[in-house]
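The values are calculated or read from the model by the stated rules, or taken from the named source; none is laboratory data. What you see is a predicted model; the values in this text were computed from it and never measured. Ideal geometry is used to build each Cβ from the backbone, glycine not excepted, and the neighbour counts take in all protein chains shown.
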Amino acid sequence: MRIAVIGTGYVGLVTGACFADHGHTVIGVDREREKIQRLNRGEVTIYEVGLPDLLARNLGRTLSFTTDTDEAVSASEIVFITVGTPQGEEGEADMSYVVEAASGIAAAINAYKIIVNKSTMPVGSTRLVDRVIREKAEGEEFDVISNPEFLREGTAVRDFMNPDRIVIGTGSQKAAGIMAELYRPLNAPLFITDPASAEMIKYASNAFLATKVSFINAIANICEATGADVKEVAMGMGYDHRIGFEFLRSGPGFGGSCFPKDCQALIEIARNSGYHFHLLEGVMQVNQEQIKLTAGKVERRLGGLEGRQVAAWGLAFKPNTDDVRDSPALEIISLLSAGGARVLAYDPQAMENARASLPGLECAGSALEAATGADILLILTDWDEFKMQDFRKVAEAMKGCDVLDARNCLDPLALRRLGFNYEGIGR
């Protein structure tokens, strides 16, 4: 099939590259000319495992990029909207980029098209896009459907190729049939429902996963107070198939481009519908408290922050990505710096993005360099590189001997044998 993808961020770039790898002709569209030039040279603009191989294999064959929306839409049968829906002032999703994309699509429609809302959008977005296009392309034949993405940064390519399910929200049998054929090679359960339910499925899924994270973090804090070990507790819970192991890992709080934004948007959707989502509001409150508790642990360990040096390993909100959006690591570093500490940070992939988000951030060239002269080592992202460090050298380089493992990714006994004062979250 012939596909246009409007927006070349995490969702759009992965979606386009994966469809191209399945033999479809894909044109990626973005208004940032420099980004398009880089992509057409084969330069991947985000860090995502497996994406460089997809780009190298398909660029110039089934995959191309342009800044010309008219060219891409007129040449395609299916148009995916994958632009950003950032958080607005009141917590609602900002739909201005979606409306802009829909207006561009309307100007280029020349035959029947399926317009696919792929980005996470509030309930009613399918109707909104349909209305925008219909006002500007009166008489043209098209269907607007919802097809939410369920990609996790760091494993997005694998998630696309091996989905748990594919959700299609449409009342059009024609559109449903074409989309079913498009996704048939993925051999995944296909769930066809109405657009509003499809839109809510994405928000409800993310809100539930965020709830699991805040729940296990709350349990971790109780574990610390009672002498239990949250890793053992989570293991015992996870064997219950009704609960499972996923997202039962305590830490400094959740972050990224989805959970904070989507939870806040769902709270706002509920409020606008006359319902106060107290449970989800509590999830968000626990998440903010966890960030402050983690910074407080550092201050307590050091007996104060003024004049102290902190080595912060990890800036991305999770490993295997360079995304720092709503990363708890950046919030914790900001709190420590505000308290008078000097924070020297290191991350294998996210330092450039972190500097852009947190001006004045001091970064090191390696994990060992960040630890040199530090009073405490703080683990904020569980990269494999950190787990495989030579901690004898780390011990020699540090001034102090405290380690706060906010991701519970290191071996407490091994570190204690080397003379470290190890502390985890809920252990």
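Could you tell me which numbered condition GLN288 fails, if it satisfies all but one of (1) surrounded by 22 or more Cβ atoms within 10 Å (Cβ to Cβ); (2) closer than 30 Å to GLU48 by Cβ; (3) at pLDDT 95 or above; (4) in contact with an Asp or Glu (Cβ under 9 Å, 6 or more places away or on another chain)?
The single condition GLN288 does not satisfy is (1).
How many residues, within segment 245-274, are in a loop (DSSP other than H, G, I, E, B) and either touching a Gly at 6+ places or on another chain (Cβ under 6 Å) or within 30 Å of ASN353 (Cβ to Cβ) (or both)?
Count: 14.
Could you check, for segment 70-91, whether at least one of its residues is closer than 26 Å to ASP326 by Cα, among the charged types (D, E, K, R) and out of contact with any Gly (no Cβ under 9 Å at 6 or more places or on another chain)?
Yes - at least one qualifying residue is present in segment 70-91.
Name the strands (runs of 3 or more DSSP E) wholly within segment 1-120 that hold at least 2 residues that are surrounded by fewer than 23 Cβ atoms within 10 Å (Cβ to Cβ) and either among the aliphatic types (A, V, I, L, M) or out of contact with any helix residue (DSSP H, G or I) (no Cβ under 9 Å at 6 or more places or on another chain) (or both)?
Answer list for segment 1-120: none.
I'd like the full set of residues that are under 18 Å from HIS24 (Cα atoms) and either hydroxyl-bearing (Ser, Thr, Tyr) or loosely packed, with under 13 Cβ neighbours inside 10 Å (or both), limited to segment 163-184.
Matches in segment 163-184: GLY177, GLU181, TYR183, ARG184.
Read through the list (1) in a helix (DSSP H, G or I); (2) of a type in the set (Gly, Ala, Ser); (3) under 23 Å from the mean Cα position of the chain (by Cα), then give the number of the only condition that ALA180 fails.
Only one criterion is unmet by ALA180, namely (3).
Hey, can you tell me all the residues within segment 231-254 that are buried (at least 24 other Cβ atoms within 10 Å of the Cβ) and under 17 Å from the mean Cα position of the chain (by Cα)? If you could, list the steps in order and put the result at the bottom.
Taking segment 231-254 and keeping what is buried (at least 24 other Cβ atoms within 10 Å of the Cβ), we get 250-254.
If the condition is that a residue be buried (at least 24 other Cβ atoms within 10 Å of the Cβ) and under 17 Å from the mean Cα position of the chain (by Cα), then GLY251, PRO252, GLY253, PHE254 are the ones that fit.
Is it the case that ASN187 is free of Cβ contacts under 8 Å to residues at least 40 places away in the same chain, at negative phi and loosely packed, with under 13 Cβ neighbours inside 10 Å? Spell out the reasoning first.
Details: free of Cβ contacts under 8 Å to residues at least 40 places away in the same chain: yes; at negative phi: no; loosely packed, with under 13 Cβ neighbours inside 10 Å: yes.
Taking the combined requirement at face value, the residue does not satisfy it.
Could you identify the single residue in ALA137, ALA101, ALA75, ALA108 that is more than 30 Å from PRO319 (Cβ to Cβ) and either free of Cβ contacts under 8 Å to residues at least 12 places away in the same chain or in contact with an Asp or Glu (Cβ under 7 Å, 6 or more places away or on another chain) (or both)?
On the way: ALA137 fails: either free of Cβ contacts under 8 Å to residues at least 12 places away in the same chain or in contact with an Asp or Glu (Cβ under 7 Å, 6 or more places away or on another chain) (or both); ALA101 fails: either free of Cβ contacts under 8 Å to residues at least 12 places away in the same chain or in contact with an Asp or Glu (Cβ under 7 Å, 6 or more places away or on another chain) (or both); ALA75 fails: either free of Cβ contacts under 8 Å to residues at least 12 places away in the same chain or in contact with an Asp or Glu (Cβ under 7 Å, 6 or more places away or on another chain) (or both).
On inspection, the qualifying residue turns out to be ALA108.
Residues of segment 200-244 being outside any helix (DSSP H, G or I) and among the aromatic types (Phe, Trp, Tyr), which ones?
So in segment 200-244, the residues outside any helix (DSSP H, G or I) come out as 227-229, 239-244.
Residue satisfying the conditions is TYR239 alone.
Taking segment 135-160, which residues are assigned to a helix (DSSP H, G or I), surrounded by fewer than 16 Cβ atoms within 10 Å (Cβ to Cβ) and not acidic (Asp, Glu)?
Step one: list which residues in segment 135-160 are assigned to a helix (DSSP H, G or I), which gives 135-136, 156-160.
From what is left, the residues that are surrounded by fewer than 16 Cβ atoms within 10 Å (Cβ to Cβ) are 135-136, 158.
Result: LYS136, ARG158.
Would you kindly identify the helices (runs of 4 or more DSSP H) lying entirely within segment 310-417 that contain at least 1 residues that are touching a helix residue (DSSP H, G or I) at 6+ places or on another chain (Cβ under 6 Å) and touching a residue at least 60 places away in the same chain (Cβ under 8 Å)?
Values: elements: 328-338, 351-357, 367-371, 384-387, 391-397, 412-417.
Output list reads 328-338, 367-371.
Are any residues in segment 205-242 of a type in the set (Val, Ile, Thr) and closer than 28 Å to LYS261 by Cβ, and if so, which ones? Full working, then the answer.
In the first step, residues of segment 205-242 are kept if they are of a type in the set (Val, Ile, Thr); the result is 211, 213, 216, 219, 222, 226, 230, 233.
Those that are of a type in the set (Val, Ile, Thr) and closer than 28 Å to LYS261 by Cβ: THR211, VAL213, ILE216, ILE219, VAL230.
Tell me, which residue of segment 359-387 that is under 25 Å from the mean Cα position of the chain (by Cα) and among the aliphatic types (A, V, I, L, M) is nearest to ALA345 (Cα to Cα)?
Only one residue fits best here, namely ALA364.
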